[in-house]
Amino acid sequence: MPELREVVIVSAVRTPMISASMMSQRDFAASRGSVSIVFSLAGFLYFGLGIVSGPLADRWGSRSLALIGMILTGLGLALAFRAHGMALAAALALTAGLLHVFNHSIFKSLLFFGAGAVLASTGERDMERLGGLIHRMPQTAFVFLVGCAAISALPPLNGFVSEWLTFQAILLSPQIPSWGLKLLVPAVGALLALSAALAAACFVKAFGVTFLGRARTPAAEHAGETDRFSLAAMFFLAALCLVAGILPGFFIDALAPVVQSLVGARMPVQSGVDWLSIVPIAESRSSYNGLLVFLFMLLSGALAAWAIHRLASDKVRRAPPWDCGYPDASPATQYTASSFAQPIRRVFGTVVFRAREQVDMPPPGALQPARLTVEMRDLVWDALYAPIAGGVGFAADRLNHLQFLTIRQFLSLVFAALVLLLLVLAIWP
Amino acid sequence: MAVILDLVVQGLQMLLVLALAPLLTGFVRKVKARLLLRQGPPLIQPYRDLARLMRKEVVLAENASWLFRVSPYFIFAATWVAASLVPTFRTGLLFSWSADFIVIIALLGSARFFLALAGLDVGTSFGGIGSSREMMIASLAEPAMIMIVFTVALVAGSTQLSTMATFLVSSEVGLRVSLGLALFALIMVAIAENARIPVDNPATHLELTMVHEAMVLEYSGRHLALIELSASMKLLLYVSLIACLFVPWGLVSSGGAVALLAIGVVAYIAKLAAGGFLLALFETSIAKMRVFRVPEFLGAALMLGLLATLLLFVSRSL
């Protein structure tokens with residue numbers, strides 16, 4: 001599906017534009033509820049896009065969308081709260097959105113660096129032709145795993161913090177008096193959770209197929225670790241993912257001036273809270289402490305490892321894989337990206353992507369191979385971008401012969417344009 | 001002094017969930033066997049299995065990576081931390097504020113992420129089928145769970161489990177439609193998340209429809225012991241969750257005396273036994289469904305949760 005990459009690029013360009021237009025909207029009071037609903041719907045639409053492309057697209061670049069949806073939801077909620085005079089809640093929603101922009105910039109860069117390292121080392125862009133890279137590129141695999149876990153919103157990394165803050169903002173929204181929003185926001189919450197879960201599925205697939213299992217091609221088999229400078233950059237970003245995850249209070253406080261200037265309020269100061277927890281709203285008594293969760297996990301994991309190795313057994317024997325007694329030597333028998341996505345494609349793709357599977361099974365004794373063909377259509381592309389692209393192409397075709405005019409015709413064209421513009425200027429009131 | 005007591009209670013809770021988890025699994029197996037008129041293994045069989053597995057050597061597939069060896073410890077740690085933060089016999093535990101309901105769900109999500117990766121690590125077809133289906137189930141179970149969190153959080157005004165339990169035990173809650181819907185949704189999600197019949201069969205080991213068992217097929221020895229223990233703790237966590245939110249009676253509040261704690265523990269064990277019995281009864285009375293019926297089952301849970309949240313968005317008293 002080559003169109004998906006273009007969808008990503010288009011939406012990546014459009015998202016900052018929408019955010020910019022939202023931010024430049026000084027007169028919030030005039031916009032009231034309707035604008036905010038529209039922006040929540042924009043978030044909603046991007047969710048739709050994110051879900052559709054998330055677990056299905058097989059290209060490296062097409063994963064931003066669920067996360068952009070999450071950012072836009074934060075911003076849309078902030079507008080809605082602000083329009084109804086709930087400044088603190090607006091500050092919370094905006095902080096969640098902005099923190100996610102920050103987090104996104106960290107783990108997305110990390111993942112692109114990782115993808116680049118894999119590309120440089122193997123020359124392969126298609127993950128169906130990779131596999132087993134964790135043995136050849138152990139350090140890249142480790143940092144890429146951190147990035148995958150962070151983008152899937154898993155605690156104690158940073159992606160989870162902004163998701164958690166967004167959920168806390170959604171939980172404040174029943175106080176908004178607008179009925180449209182009352183019905184819209186729970187659905188947005190459900191879609192947010194759905195897109196987070198699908199992101200996890202997508203990144204299990206991406207990491208599992210690229211780095212785990214057995215090498216599918218010689219290129220993957222003979223890959224080598226990337227250079228030290230790339231590794232240093234990736235390790236720095238991975239460390240930042242962890243730090244922003246376990247000490248989110250400092251990052252929330254750093255965003256406070258921006259939030260203050262945009263919605264006229266800020267979240268309570270977080271760095272002064274006991275034990276470095278974050279407490280977004282004092283009344284709800286909801287809190288999260290990434291540092292303690294991280295330490296608890298580290299301690300209990302280490303305790304289990306120590307106790308078992310010390311008191312029980314620490315022996316390891318290497319043997320062929322078990323696979324229920326039927327291991328197959330060919331790496332082609334592994335799960336591929338498309339087979340991994342098949343259950344999800346079957347659940348969601350049949351509706352949102354019009355996915356159709358066709359199994360062509362030759363009769364017993366026939367020599368031709370069995371085939372499974374999957375047909376998918378990107379409805380958003382078809383309905384939204386394809387007409388625009390088609391219109392531009394059509395106009396370009398029609399105007400093409402203007403390039404082959406004679407000098408006389410060119411001069412008359414310029415003269416006509418000049419007259420037309422002067423006429424417009426004269427008639428214009 | 002009070003801090004020391006709090007620390008002791010928190011430690012007690014961590015040990016309690018760890019110690020009781022295999023017992024609950026054994027109890028469910030025993031009740032299921034008795035309902036089928038079989039003798040069944042003794043209650044302590046899961047402990048014996050764990051002890052035996054721990055002492056055995058690990059047989060590791062030749063191309064297993066470090067991730068495959070680290071994952072069991074990570075999964076165990078994430079599940080143990082999550083289970084220790086659910087109020088079991090006492091609310092307001094010392095560290096209960098460090099993680100709320102959403103974090104507990106997300107910690108289980110982390111455990112599942114690594115389990116699914118471990119299933120893909122050796123590069124066998126069974127591991128892949130398990131991981132792929134597990135993520136499909138999770139992609140519906142997680143949003144349903146978040147909707148349940150929203151419902152209870154909107155009723156109780158907090159996402160903190162201790163606050164929720166304290167509020168739900170008070171008399172001002174009453175019977176609510178939304179909580180009823182959330183309870184049904186939570187039970188459905190719990191069945192799917194714990195790989196129980198009708199979604200998955202915990203007793204299978206060679207079946208094309210297996211999900212959880214397919215992912216852990218390559219594990220052996222102490223690694224398998226940790227995975228089994230984590231699975232038991234996850235079952236205990238979900239039963240505790242249902243108990244603390246929907247049957248919160250008998251929970252001791254934070255200021256309670258030591259004598260009350262004993263009552264709390266007894267009440268908790270009684271709730272676990274009742275939960276385990278009902279689960280066994282449900283599992284013996286229903287057949288396993290096809291894998292692609294599972295999305296319909298979980299979709300129903302998601303819709304129930306969404307409906308409950310919508311009701312609360314419309315009116316806080318529903």
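The values are calculated or read from the model by the stated rules, or taken from the named source; none is laboratory data. This one's a predicted model, so the numbers in the text were calculated from it and none came from an experiment. In this analysis, Cβ positions are derived from the backbone assuming ideal geometry, glycine residues included, and neighbour counts consider all displayed protein chains.
Out of B:ALA257, B:ALA262, B:ALA270, which single residue is surrounded by fewer than 14 Cβ atoms within 10 Å (Cβ to Cβ) and either closer than 18 Å to B:LEU237 by Cβ or modelled with pLDDT of 90 or more (or both)?
Residue meeting the stated conditions: B:ALA270.
Yes or no, residue by residue, for (1) farther than 30 Å from A:TRP306 by Cα; (2) part of a loop (DSSP other than H, G, I, E, B):
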| site | (1), (2) |
| --- | --- |
| B:MET233 | no, no |
| B:ALA243 | yes, no |
| B:ALA262 | yes, no |
| B:ALA280 | yes, no |
| B:LYS288 | yes, yes |
| B:PHE297 | yes, no |
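Can you work out which of the residues in the stretch A:169-227 that are aromatic (Phe, Trp, Tyr) and touching a residue at least 40 places away in the same chain (Cβ under 8 Å) is farthest from A:PRO327 (Cα to Cα)?
Result: A:PHE203.
Regarding the stretch A:370-389, can at least one residue be identified that is over 33 Å from the mean Cα position of the chain (by Cα), at pLDDT below 90 and surrounded by fewer than 19 Cβ atoms within 10 Å (Cβ to Cβ)?
yes
Mind listing whichever residues of the stretch A:308-324 are among the charged types (D, E, K, R) and either within 16 Å of B:ALA51 (Cβ to Cβ) or not in a strand (DSSP E or B) (or both)?
A:ARG310, A:ASP314, A:LYS315, A:ASP323 - these are the residues of the stretch A:308-324 that are among the charged types (D, E, K, R) and either within 16 Å of B:ALA51 (Cβ to Cβ) or not in a strand (DSSP E or B) (or both).
Is it the case that some residue within the stretch A:347-358 is within 7 Å of another protein chain (Cβ to nearest Cβ) and crowded, with 19+ Cβ neighbours inside 10 Å?
Within the stretch A:347-358, one or more residues are within 7 Å of another protein chain (Cβ to nearest Cβ) and crowded, with 19+ Cβ neighbours inside 10 Å.
Kindly indicate which of B:ALA141, B:ALA118 is at pLDDT 90 or above, under 16 Å from the mean Cα position of the chain (by Cα), among the small types (Gly, Ala, Ser) and crowded, with 24+ Cβ neighbours inside 10 Å.
B:ALA141
Criterion first (in a helix (DSSP H, G or I), more than 14 Å from the chain's Cα centre (by Cα) and facing chain A (nearest Cβ under 9 Å)) does B:GLY109 satisfy it?
So B:GLY109 fails the test.
Can we say B:LEU181 is in contact (Cβ under 8 Å) with a residue 60 or more places away in the chain, part of a helix (DSSP H, G or I) and more than 14 Å from every other protein chain (Cβ to nearest Cβ)?
no
Collect the residues in the stretch A:185-212 that are of a type in the set (Val, Ile, Thr), facing chain B (nearest Cβ under 8 Å) and more than 28 Å from A:MET137 (Cα to Cα), keeping them in residue-number order.
Scanning the stretch A:185-212 gives a single hit, A:VAL185.
Looking only at residues in the stretch A:172-184 that are facing chain B (nearest Cβ under 8 Å) and surrounded by fewer than 22 Cβ atoms within 10 Å (Cβ to Cβ), which one is farthest from A:ARG345 (Cα to Cα)?
My answer is A:PRO174.
When you check A:ALA149 against the structure, is it among the small types (Gly, Ala, Ser) and either out of contact with any Gly (no Cβ under 9 Å at 6 or more places or on another chain) or in a helix (DSSP H, G or I) (or both), yes or no?
Taking the combined requirement at face value, the residue satisfies it.
Taking only the stretch A:292-340 into account, find how many residues are of a type in the set (D, E, K, R), facing another protein chain (nearest Cβ under 7 Å) and under 39 Å from the mean Cα position of the chain (by Cα).
Looking only at that region, the number is 2.
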